[in-house]
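All of the numbers you see were taken from the coordinates with simple rules; none came from a lab. Predicted model only: the values in this text are computed from it and were never measured. Here the Cβ positions follow ideal geometry from the backbone for every residue, glycine too, while neighbour counts run over all protein chains shown.
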Amino acid sequence: MAITQALCTSFKTQLLTGTHDFTNTTGDSFKLALFRATASISGTFGAATTNYSDMGADEASGTNYTAGGSALTNVTPTSSGTTAFTDFADLVFTNVTITTSGALIYNDTKSDKAVAVFDFGGDKTATAGDMTMIFPTADASNAIIRLV
């Protein structure tokens, strides 16, 4: 199994067709789902991932974690210099018992289309505690999604 951290190729194409709207409050709804280290989607979980359903049985499971993950709060896209970017507010999975090795951001409004895959670099575990996904600063150098 290989996990490659990447913006999904299908997402890049969908940006050019206007599929995704990241505007806070009026845009699409995005979610973050967790997956296990044993993820084996077509041998690679990364740029080739096209949809949340690609995760299949590789989605993490545990106490107080709901399949499909949790909703993200969008940060309205903006730009600085020649870089456009968007981000999300930090996300907390509350009182979970779970082991995960990565995450998938996907567009819940648009047929669960994949946006990006993230590799945590190894297993991360929470036992009857909170697991927080901390997103980087929403700026041209650090935002989770940047078009340079």
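Computing Rg and the Kirkwood Rh from the Cα coordinates of the chain gives a ratio, Rg/Rh, of 0.95. Listed by chain and number, the lysines whose C-alpha is less than 26 Å from the C-alpha of K124, apart from same-chain residues fewer than 8 away, are K31, K113.
Ellipticity at 222 nm from helices only: DSSP H runs of n ≥ 4 in the chain, each -39500 (n - 2.57), divided by the residue count, give -1500 deg cm²/dmol. Over the chain, Cα pairs under 8 Å with separation of 6+ residues give a relative contact order of 30 percent.
Each Lys and Arg contributes +1 and each Asp and Glu -1, all at the Cβ; summed about the Cα centre of the range 50-128, the dipole is approximately 140 debye.
Quick check for you: which residues of the range 109-140 have the amide N under 11 Å from the point 7 Å beyond the Cα of S29 toward its beta carbon? So the set is 109-110. Of the peptides 127-136, 86-95, 102-111, the ranking by mean beta-carbon count within 10 Å, highest at the top, reads 102-111, 86-95, 127-136. Divided by 2.2 N^0.38 Å, where N counts the residues, the Cα radius of gyration of the range 68-148 comes to 1.20. Taking the centroid of alpha carbons for each part, the range 125-148 and the range 1-32 are 15 Å apart.
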